[in-house]
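Everything on this sheet refers to the single structure shown next.
The values are calculated or read from the model by the stated rules, or taken from the named source; none is laboratory data. What you see is a predicted model, and the numbers here were worked out from it, not measured in a lab. Virtual Cβ from ideal backbone geometry, glycine too; neighbours counted across all protein chains shown. Heavy atoms of the whole protein, side chains included, go into the accessibility calculation; ligands, DNA and RNA do not. Shrake-Rupley method; radii C 1.70, N 1.55, O 1.52, S 1.80 Å.
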Amino acid sequence: MDKKKQMNFNLNNFLLATTDILDYRDCELNNTTKNHSKRVAYVALKIGEQLKLEPKMMFSLCAYSLFHNYINRDNCVVLNIFDDTGLLTKIVDFSHHIDQTYNIDKNFISTNSNGMYTQHMEDIFLEISKPMSFWLDLQCENSILQYIYSTLYDFTTQPTFEEVLKITSLFGNLYEDTTPLLEKCNIMADFYNFEHKDKITFLIAASMLNFGKLSVPKSILEKTSSLTSQE
């Protein structure tokens, strides 16, 4: 690995590090519940194990699950994590359906999908959900995270700094278009003669500048009057 041009990068670790903010935004936009994406990943990976998916497919399945509500499926090659057979999409869609119909207070879940999914998929879910541990883990964020980390192989890659910038820019743009800011930062880095690595690292940081704002209610961000002490 050329440390001046590349860095170690694990997509799932990155997504898990940002999933709390993404989940908050998901709750606001799609009326989901806390830890929705982690639960989708948990169910999807359990199904993937039953289907005996190869390690790289499991890695991709997890990444897709964690980011599924933000994927433009017509341009999903951006993150290079999806298959072209449609299997991962079916698993994630089914897992999303399961989480959306799950009533955590009554421990009730409906697999009645009105024919949206195959009987085989529903049968797999009924099998993996038999143990009580499945339901207990599904309600515990730490248990879900432990399962994810213990199940997945570490497919850490060595992308170029520019490739990482494309990924972080995608996340940064979830709040607002970062292009104007990055253009100014690019000019500034050239003016101060930043080395290539330092310049792209600077741009990566700039691309994520407003990402944290996704976890702040718009009522606070756009409030014109003074904030309260609680806000």
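State all residues of the stretch 8-64 that are under 15 Å from Ile128 (Cβ atoms) and under 12 Å from the mean Cα position of the chain (by Cα); if no residue qualifies, say none.
Selection gives Arg39, Val40, Ala41, Leu61.
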Have a look at Leu152, Leu170 and point out the one that is closer than 21 Å to Asn12 by Cβ and in contact with a Pro (Cβ under 9 Å, 6 or more places away or on another chain).
Leu152
Looking at Thr89, Thr85, Thr101 in this structure, which one is modelled with pLDDT under 75 and farther than 30 Å from Leu221 by Cα?
Thr85
Residue count for the stretch 126-156, restricted to those that are acidic (Asp, Glu) and more than 17 Å from Ala17 (Cβ to Cβ):
2
Does Tyr175 satisfy being among the aromatic types (Phe, Trp, Tyr), at pLDDT below 95 and part of a helix (DSSP H, G or I)?
no
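Applying the selection to the stretch 104-128, what residues are modelled with pLDDT of 70 or more and either surrounded by fewer than 11 Cβ atoms within 10 Å (Cβ to Cβ) or assigned to a helix (DSSP H, G or I) (or both)?
Within the stretch 104-128, Gln119, His120, Met121, Glu122, Asp123, Ile124, Phe125, Leu126, Glu127, Ile128 meet the criteria.
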Of the residues in the stretch 6-65, those that are open to solvent by 10 Å² or more (accessible area, probe 1.4 Å), among the hydroxyl-bearing types (Ser, Thr, Tyr) and in contact with a Cys (Cβ under 9 Å, 6 or more places away or on another chain) come to Thr33
Can you tell me which condition Tyr175 does not meet? The list is (1) in contact with a helix residue (DSSP H, G or I) (Cβ under 8 Å, 6 or more places away or on another chain); (2) loosely packed, with under 15 Cβ neighbours inside 10 Å; (3) not hydrophobic (A, V, I, L, M, F, W, C), and all the others hold.
(2)
Take the residues in the stretch 1-19 that are out of contact with any Ser or Thr (no Cβ under 7 Å at 6 or more places or on another chain) and assigned to a helix (DSSP H, G or I), then tell me which one is nearest to Ile204 (Cα to Cα).
Phe14
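Just give me the residues in the stretch 197-231 being of a type in the set (D, E, K, R), open to solvent by 90 Å² or more (accessible area, probe 1.4 Å) and either more than 22 Å from Asp23 (Cβ to Cβ) or modelled with pLDDT of 85 or more (or both), in sequence order.
Step one: of the stretch 197-231, the residues of a type in the set (D, E, K, R) are 197-199, 213, 218, 222-223, 231.
Narrowing further to those that are open to solvent by 90 Å² or more (accessible area, probe 1.4 Å): 218, 222.
Result: Glu222, single match.
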Against the condition open to solvent by 20 Å² or more (accessible area, probe 1.4 Å), small (Gly, Ala, Ser), under 30 Å from Ile47 (Cα atoms) and outside any loop (DSSP other than H, G, I, E, B), how does Ser150 come out, does it pass?
yes
What residue, of Phe161, Phe194, is open to solvent by 60 Å² or more (accessible area, probe 1.4 Å), at pLDDT 90 or above and not small (Gly, Ala, Ser)?
Phe194
